[in-house]
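Asker: Dropping a structure here in structure tokens format, bear with me for questions.
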Amino acid sequence: MDYQMLMLVIGTVLVIEGVGPLLFPEQWKKYLAEISLQNKNVIRRLGGSLVSAGVVLLIIFA
């Protein structure tokens, strides 16, 4: 993967991540408040699941 493709991928992720707070700021605040109350192991599992799914997609489509 070259530098330009990497920047396109990072840019796409930033756009997708920014849609929630841009369009629904109040719901986003509630979501973050609820997540902050979760046990740290639950948050780690969620993060690990997201990373695993991302790696699988990269392997499939790369």
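Asker: Taking only DSSP H segments of four or more residues, each worth -39500 (n - 2.57), what value at 222 nm results for the chain once the sum is divided by all its residues, to the nearest 500 deg cm²/dmol?
Answerer: Result for the chain, helices only: -30000 deg cm²/dmol.
Asker: How big is the dipole moment of the chain about its Cα centre under a simple scheme where the beta carbon of each Lys and Arg is +1, that of each Asp and Glu is -1, and everything else is neutral? Debye, nearest 20, please.
Answerer: That gives the chain a dipole magnitude of about 300 debye.
Asker: At 0.692 mPa s and 37 °C, plugging the Kirkwood radius over alpha-carbon pairs of the chain into Stokes-Einstein gives what diffusion coefficient in µm²/s?
Answerer: Answer from the Stokes-Einstein relation: 237 µm²/s.
No lab work stands behind these numbers, since they all come straight from the coordinates. All of these numbers come straight from a predicted model, not from anything done at the bench. Heads up, the Cβs are rebuilt from the backbone with ideal geometry, glycines too, and the neighbour counts pull from every protein chain shown.
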